1. How many of the residues in region 12-38 are more than 20 Å from Ala174 (Cα to Cα), modelled with pLDDT under 95 and open to solvent by 40 Å² or more (accessible area, probe 1.4 Å)?
2. Residues that are more than 23 Å from Lys1 (Cβ to Cβ), without any contact (Cβ under 8 Å) to a residue 40 or more places away in the chain and not β-branched (Val, Ile, Thr): which strands (runs of 3 or more DSSP E) entirely in region 95-206 hold 2 or more of them?
3. On the basis of being under 13 Å from the mean Cα position of the chain (by Cα), at negative phi, open to solvent by 50 Å² or more (accessible area, probe 1.4 Å) and of a type in the set (Lys, Arg), does Arg83 make the cut?
4. Can you name the number of the only condition in (1) open to solvent by less than 60 Å² (accessible area, probe 1.4 Å); (2) farther than 21 Å from Gly70 by Cα that Gly106 fails?
5. Among Ala143, Ala148, which is the only one that is surrounded by fewer than 20 Cβ atoms within 10 Å (Cβ to Cβ) and either within 20 Å of Ala68 (Cα to Cα) or in contact with a strand residue (DSSP E or B) (Cβ under 8 Å, 6 or more places away or on another chain) (or both)?
6. Can you say whether Val67 is in contact (Cβ under 8 Å) with a residue 40 or more places away in the chain, more than 21 Å from Asp142 (Cβ to Cβ), of a type in the set (A, V, I, L, M) and surrounded by 14 or more Cβ atoms within 10 Å (Cβ to Cβ), as far as the supplied structure shows?
7. Look through region 1-11, keep the residues that are touching a helix residue (DSSP H, G or I) at 6+ places or on another chain (Cβ under 9 Å) and hydroxyl-bearing (Ser, Thr, Tyr), and return whichever of them is surrounded by the fewest Cβ atoms within 10 Å (Cβ to Cβ).
8. Mind listing whichever residues of region 39-64 are of a type in the set (D, E, K, R) and either under 27 Å from Thr103 (Cβ atoms) or open to solvent by less than 90 Å² (accessible area, probe 1.4 Å) (or both)?
Amino acid sequence: KVTVSYAASSALAKQIEAGAPADVFISADRDWMGYLKDRKLVAAGSDFILLGNRLALIAPKDSAVAVAIGKDFPLAAALGDGRLAIGEVNSTPAGRYARAALTSLGVWAQVEGKLAQAENVRAALKLVATGEALLGVVYATDAQAEEAVRVVGEFPEASHPPIVYPAGALAGAAGTGAEKYLAFLRSAAAGRIFAEHGFLVPIPSN
């Protein structure tokens, strides 16, 4: 039996650091896995890159907004007086990926004052799904999971660091079944499930 706790990678890492009971950590970027590894909270040699993802620009399903993502694309004009929902840019991986992509494409300065920053990517997704934000930047898998939004476009892979999900056993997890669970997550059977939900499986290397 697996008990799952969902939250932003930053929040989960801080909880683990504070002593929250956990045996496996799956992060939405390398940085927060590295944060725990630096503190010797990850079992040595247990971590690996499990999955990959893409970054998508989304709008409410009934929205007519259309914009082609590219260098200096007119995102601010598309927003008008509306807000752009993204994860909190100083803590969440989704927010950092979004800022990197928008900066790389030359539009960050235009939209920085139009942001609706959320505590995690699912909260950003909800802002768009409920119409509280005109557009949002989320993972492609989140967009696929929410019927109330549509994908306006995907960001070029070169516009942001690779979106990867490291997984690993936590220190002290020996004997809990953590390694067996992680082995299952790397199996072909699990890979098919991840792929059905839009994740990139497998990714080339660690």
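1. 2
2. Strands (runs of 3 or more DSSP E) meeting the threshold: 115-118.
3. Values: under 13 Å from the mean Cα position of the chain (by Cα): no; at negative phi: yes; open to solvent by 50 Å² or more (accessible area, probe 1.4 Å): yes; of a type in the set (Lys, Arg): yes.
Spelling it out, it is not the case that Arg83 is under 13 Å from the mean Cα position of the chain (by Cα), at negative phi, open to solvent by 50 Å² or more (accessible area, probe 1.4 Å) and of a type in the set (Lys, Arg).
4. Gly106 satisfies all of (1) open to solvent by less than 60 Å² (accessible area, probe 1.4 Å); (2) farther than 21 Å from Gly70 by Cα except (2).
5. Values: Ala143 fails: surrounded by fewer than 20 Cβ atoms within 10 Å (Cβ to Cβ).
Criteria check complete, one pass: Ala148.
6. It is false that Val67 is in contact (Cβ under 8 Å) with a residue 40 or more places away in the chain, more than 21 Å from Asp142 (Cβ to Cβ), of a type in the set (A, V, I, L, M) and surrounded by 14 or more Cβ atoms within 10 Å (Cβ to Cβ).
7. Selected residue: Tyr6.
8. First, the residues of region 39-64 that are of a type in the set (D, E, K, R): 39-40, 47, 54, 61-62.
Scanning region 39-64 gives Asp47, Arg54.
The values are calculated or read from the model by the stated rules, or taken from the named source; none is laboratory data. Just so we're clear, the structure is a prediction, and the values are computed from it rather than from any experiment. Methodologically, a virtual Cβ is constructed for each residue, glycine included, from the backbone with ideal geometry; neighbour enumeration extends over all protein chains shown. Keep in mind that these areas ignore ligands, DNA and RNA; they rest on the heavy atoms of the full protein, side chains included. Shrake-Rupley method; radii C 1.70, N 1.55, O 1.52, S 1.80 Å.
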